[in-house]
Amino acid sequence: MIDCDLGRSNASQHNPDRTSYMNLWIIRHAKSSWADPTQADFDRPLNDRGRRDGKRMMKWMRKQTDRPSLLISSDAVRARATTEFVRSGYDIDAHNVNFDHRLYLAEPETILEVVRALPDDCASAGLVGHNPGSTEFVNAMVGDGVVDDMPTFAIALLEVTGRWADVRFGGASFVELQTPKNLRD
């Protein structure tokens, strides 16, 4: 059972003048390995840098007051590994983590379908996916080129109003982008 109501109290902290908005975190998977050229793309694990970045980003996530209460991730190996860092960093209950194959190498329109299917009682959700779809989705949601290229393990925070089912391209506000490179150990 998914219990998304946990994110409601945090969602009002960014902009208290907005009465009904949700936080949406778009997360690109951490750096993956290309060491085995025969390995299928779907099965590529994180490399050493990806694991180091995961630990660095977890430290940052633990300091955040706004947190997603639900995570939906691509089911690719590298996205699953990244999701574990995100789940631990934001202290998300394991039963609030789902894997959806539609997010594997998804186009922005497919990511939008996943967002529109989020439960109404969920005020904050995170999606773990891949590029170029993650970058293109953030820019389409904001209606502007706010992100040139989301680097590995980048986390973009967007605010959207209304209900998830009504979310549309151009209907979000860009809040922030955090990357491992921006953080100091």
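Scanning the range 150-185 for residues that are within 21 Å of His130 (Cβ to Cβ) and exposed (fewer than 15 other Cβ atoms within 10 Å of the Cβ) turns up Phe169, Glu176, Lys181, Asn182. Among the criteria (1) closer than 23 Å to Phe174 by Cβ; (2) free of Cβ contacts under 8 Å to residues at least 40 places away in the same chain; (3) buried (at least 17 other Cβ atoms within 10 Å of the Cβ), the one Leu112 does not fulfil is (2). Which condition number does Asn139 fail, the rest of (1) buried (at least 16 other Cβ atoms within 10 Å of the Cβ); (2) in contact (Cβ under 8 Å) with a residue 12 or more places away in the chain being met? The number of the failed condition is (2). Close contacts from the range 22-49, counting a first residue that is without any contact (Cβ under 8 Å) to a residue 12 or more places away in the chain and a second that is buried (at least 21 other Cβ atoms within 10 Å of the Cβ) and among the charged types (D, E, K, R), with Cβ to Cβ under 9 Å and a gap of 6+ residues or different chains, come to Asp48/Lys31.
Restricting attention to the range 38-76, the residues that are among the hydrophobic types (A, V, I, L, M, F, W, C) and touching a Phe, Trp or Tyr at 6+ places or on another chain (Cβ under 7 Å) add up to 5.
FYI, it's all coordinate maths here, none of it is from the lab. For clarity, every value in this text was computed on a predicted model and none was experimentally measured. When we count neighbours, we look across all protein chains shown, and the Cβ atoms used for this are built from the backbone with ideal geometry, even at glycine.
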